[in-house]
1. Which condition does Asn403 not pass, out of (1) over 17 Å from Leu435 (Cβ atoms); (2) touching a helix residue (DSSP H, G or I) at 6+ places or on another chain (Cβ under 6 Å), if it passes all the others?
2. Looking for something at positive phi, within 20 Å of the chain's Cα centre (by Cα) and at pLDDT 95 or above - is there at least one such residue anywhere in the stretch 134-150?
3. Taking helices (runs of 4 or more DSSP H) that fall entirely within the stretch 377-490, which contain at least 2 residues that are within 16 Å of the ligand (Cβ to nearest atom) and of a type in the set (D, E, K, R)?
4. What are the pairs with Cβ atoms under 9 angstrom where one residue, in the stretch 438-453, is closer than 15 Å to Ser367 by Cα and touching a residue at least 12 places away in the same chain (Cβ under 8 Å) and the other, located anywhere, is more than 6 Å from the ligand (Cβ to nearest atom) and aromatic (Phe, Trp, Tyr)? Sequence gap at least six, or different chains.
5. Being surrounded by 23 or more Cβ atoms within 10 Å (Cβ to Cβ), among the charged types (D, E, K, R) and away from the ligand (no atom under 16 Å from the Cβ) narrows it down to one of Arg90, Arg139, Arg54, Arg101, so name that one.
6. Yes or no: Ala114 aliphatic (A, V, I, L, M), within 22 Å of the chain's Cα centre (by Cα), modelled with pLDDT of 95 or more and within 16 Å of the ligand (Cβ to nearest atom)?
7. For the stretch 6-26: of the residues being of a type in the set (Ser, Thr, Tyr) and closer than 14 Å to Asp196 by Cα, which is surrounded by the most Cβ atoms within 10 Å (Cβ to Cβ)?
8. Among the residues of the stretch 262-269, are any within 29 Å of Ala453 (Cβ to Cβ) and either at pLDDT below 95 or of a type in the set (Gly, Ala, Ser) (or both)?
Amino acid sequence: MRSGSDYLASIKDDGRQVYIDGACVRDVTGHPAFREATRSIAGLYDLIAEPANRELLTFPSPLTGEPVSLAYLIPRSREDLTTRRKALWRLAEESFGYMGRTPEHVASFFTAFAGAPSVWAKTKPVYYENVVKFYEKMRDESLYVAYTIVPPQIDRSKPAHKQADPTLYAGVVEEKQDGIVIKGAQMLGTGAALADYIHLSCIHPLQPGDENYAISVAIPCNAPGVRIYSRRSYAEGATSMFDYPLASRFDETDALLVYDNVFVPWEHVFIYKDIALTRASFFESSAHLLGNNQAQIRFAVKMKFLAGLVRTVAETTGSIALPPVQGALGDIASLAALVEGLVLAQEAHCKVDADGLVRPGAQEQYSQMVLQPELHNRMLNAIRDLVGGGVIQLPSSVADFANPEIAADIERYIQSPGAPAKERVKLMKLVWDALGSEFAGRHAQYEMFYAGAPFVTKGHMYRNYDFAGAKALVQRALDGYGLDGRSPES
Ligand SMILES: Cc1cc2nc3c(=O)[nH]c(=O)nc-3n(C[C@H](O)[C@H](O)[C@H](O)COP(=O)(O)OP(=O)(O)OC[C@H]3O[C@@H](n4cnc5c(N)ncnc54)[C@H](O)[C@@H]3O)c2cc1C
């Protein structure tokens, strides 16, 4: 299996163009903005390759018989969903839920694509063959694929082909005998700087005239013409791991992707100028459900971590003894338990689709996606309330401990019963990185938008809720009485 060092060696490739702070980074594994994130990804590869984790995290590849990540298991039963969840949960624990787009995410999308021949039946068979081959390649080579499936925010009032320049949004500009050429930009490639390939497609609704943008392709991150414009790095601003324990290790980075006349060979084209299939690939296949099931398992881990974090603070400061604090912790625990429960309910309410793939329950999944920003913010606000100024009354950095002139004051005044200064400061710095650092701010935005704007997720919920069953209940109530009471006919 691919080890962490295999992964690190392979992304030190030729031609990768990652731009940050005005410069081009060729080797992300050696740059402070990306280095620790690549190590965190490498840690995941090592965890999966560890023989002791074979049963928990892998299954035998149907092609080679070698162990491959369970993220690639096409679920054919409820038990398969449970097996996937246990593996994805364990992998998410490595970043405490703070890395959203680890290799398991897009792996889940391609697993669903490969498990959906009926969706691809509406196009030439070669495109489905390409999807299956690429899925098998990802699975058997343990590839890390990121995705950009949203057009850049330029003018949201106009469709893709009516933007001021038709090559602003990433789309096909030329067809060649051996492939196609893509030009334009797409957002927001989380992890793209760290990955092997980018999946480029469009999940936003497209209109007639937008055919050039109705594609699904895979592109190596170092392909000529691919430019990865990273946002500001929070890892680089993290002065030490002690001061920023999350930002320093788990800043998976987000980037605008520019595709400047990028050539894509036919074998990596899965959908070509097909508006209906582009949409169907996400929503008629189980891709949206399976991909977001992974995302929500990750979110459940994060909520559990946050609940554990604030309880540790309450125990450290002694406030745990106060009944109102216990009540607040009960509130916090209910948020974490609700999210975990919705993940489990997706398995309990799974459904077999036309291709025999077992899908996580849609209404449980979409209700979690609609509530996610609110639950996350409510969790953070509850933590804010309980930690008070403790997360601010902190030495400026780990360096303060090394200065004997001030160390004594720190030891004396920033301590709690049972928690000497170093322990207490360490804990509170972790809380601040989850609550108030720039990394934490990005996470609030992430939980709100990673799967589409809130009005979009509400639309999914509207379409997937059992309103028929709900209305039947109402009808039953209405049918039970009339003008004079019991008799419905009166
Ligand atoms: C941290 C982060 C990481 C991300 N990672 C990825 C990634 O890895 N890959 C990827 O492809 N994408 C990623 N995304 C992008 C994400 O998919 C988009 O942010 C999301 O689809 C929403 O699009 P938008 O940001 O352009 O917002 P918009 O669609 O422009 O919406 C912004 C707001 O404008 C209003 N609005 C816009 N249009 C309408 C409308 N039609 N009706 C009503 N109100 C409207 C709403 O208030 C809405 O909330 C990420 C986003 C974030 C924040």
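1. So the condition that Asn403 fails would be (2).
2. Yes, there is a match, as at least one residue in the stretch 134-150 is at positive phi, within 20 Å of the chain's Cα centre (by Cα) and at pLDDT 95 or above.
3. Of the helices (runs of 4 or more DSSP H) lying wholly inside the stretch 377-490, those with at least 2 residues that are within 16 Å of the ligand (Cβ to nearest atom) and of a type in the set (D, E, K, R) span 438-449, 454-464.
4. Qualifying pairs under 9 Å: Glu447/Phe299.
5. The conditions single out Arg139.
6. No.
7. Tyr7
8. The answer is no, given that none of the residues of the stretch 262-269 is within 29 Å of Ala453 (Cβ to Cβ) and either at pLDDT below 95 or of a type in the set (Gly, Ala, Ser) (or both).
The values are calculated or read from the model by the stated rules, or taken from the named source; none is laboratory data. None of these values were measured; they are calculated from a predicted model. Glycine also receives a Cβ, built like all others from the backbone with ideal geometry; neighbour counts cover every protein chain displayed.
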